[in-house]
Amino acid sequence: MPLPAPRFGLGLRKPHYAEFLAGDVPVDFVEVISENFMVAGGRPRDILRQVRERHPVALHGVSLSVGSADGVDAEYLRRLRSLVDEIEPAFVSDHLCWTRFAGFQSHDLLPLPYTAATLAVVCAGVDATQNALGRQMLIENPSSYVSFAADEMSEWEFLREMVARTGCGLLLDVNNIYVSGQNHGFDPAAYLAAIPFEAVRQIHLAGHTSREIDGRGMLVDTHDQPVPDPVWRLFAEAIARAPHAWAMIERDDNIPALDALLAELDVARALAQTIDADQQVPA
Ligand SMILES: [Fe+2]
């Protein structure tokens, strides 16, 4: 799959629409939430079309529900395919989670038990999606706050197997690894050591918040803060191992001025440059 080049992007968010439409924002690509643009015609699709003339676009979904036991929704796939055909995105992604079952639709990305049975459901969902779109799908590792007594494998073992069986790619969210690691007590380094980095096409960077839940300190994946130091450290490890992955800052709440996000993106560029320089073999 020849693509790489663009490396550093931002999520396209409403407060910044005018700036993206007005001129040359110094990003290599933008990522958009697919569902915000899945209605053909109308203002949102028109905005995306205009942004697409200036920047490569990655589509990032939140409602595919690849873990639904009753399968992925054919109508959803039809509308996503229409968006893909028009925008010609660099990547199409969604999350390892479930959001829909028998008419129930959650706005939260709900966790899955990591069992052989769920793996079969997820792989069938990924296969159906890749067939419907006629292209590779990227699946993002989730942040989670509960785990299941029924778990038969770790999240990283689940991801490895999913990649091996379906040929999908990974969108690695290093903030989600950190958040889940703190909540469940695993070592993010062990997680990274087990990831099939050859499948990692995109990397997400984000911030989180510390909350007291049921008398327990938890991290919540709020995307409302700058990227904190431990997440930058994981990013440095991840980008060193997936040097062609496209990386971006995910900010969904408490959204600052565009310049503040561009300054954070410069940190990502600088870290990657340092690693690139370190990895050059002396003549
Ligand atoms: Fe993410």
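Since every read-out is calculated from the coordinates, none of them should be taken as a lab result. Predicted model, so just to flag it, every value in this text is computed and none were measured. All Cβ positions, even for glycine, are placed from backbone atoms using ideal geometry, and neighbour counts span all protein chains on display.
The charge dipole of the stretch 1-109, taken about its Cα centre with unit charges on the Cβ of Lys, Arg, Asp and Glu (plus for the first two, minus for the last two), comes to roughly 160 debye.
Using the Stokes-Einstein relation with a Kirkwood hydrodynamic radius computed over Cα pairs, the translational diffusion coefficient of the stretch 107-185 at 10 °C and a viscosity of 1.306 mPa s comes to 120 µm²/s. Stretching Ala18 away from Ala277 to a fully extended chain increases their span by 89.6 nm, per 0.36 nm per residue minus the current alpha-carbon distance. Distant-in-sequence amide contacts of Asp173, defined by a placed amide H-H separation under 5 Å and a gap of 5 or more residues or a different chain, comprise Asn141, His204.
If I take all pairs of Cα atoms in the stretch 8-279, what percentage of them are more than 23 Å from each other? Cα-Cα pairs in the stretch 8-279 separated by more than 23 Å: 52 percent.
Legend: calculated FRET efficiency, Leu262 to Ala102, from the Cβ-Cβ distance at R0 = 41 Å, rounded to 0.05, equals 0.40.
Judged by the gyration tensor of its Cα atoms, with axes a ≥ b ≥ c, the stretch 182-283 is oblate; a/c meets the 1.5 cut and b/c is at least as large as a/b. Taking every DSSP beta bridge that has both ends in the chain, the antiparallel portion is near 25%.
Please give the length that would be gained between Ile255 and Phe186 if that part of the chain were fully extended, namely 0.36 nm times their separation in residues minus their C-alpha to C-alpha distance (nm, one decimal).
Numbers: separation 69, 0.36 × 69 = 24.84 nm, distance 3.01 nm.
Residue separation times 0.36 nm, minus the Cα-Cα distance, leaves 21.8 nm.
In the chain, helical runs assigned H by DSSP with n ≥ 4 each contribute -39500 (n - 2.57); averaged across all residues and rounded to the nearest 500, the mean residue ellipticity at 222 nm is -13000 deg cm²/dmol. Maximal additional length on extending the Gln50-Ala116 stretch stands at 19.4 nm, based on 0.36 nm per residue less the C-alpha distance. In units of the rule-of-thumb radius 2.2 N^0.38 Å, the stretch 1-68 shows an alpha carbon radius of gyration of 1.18.
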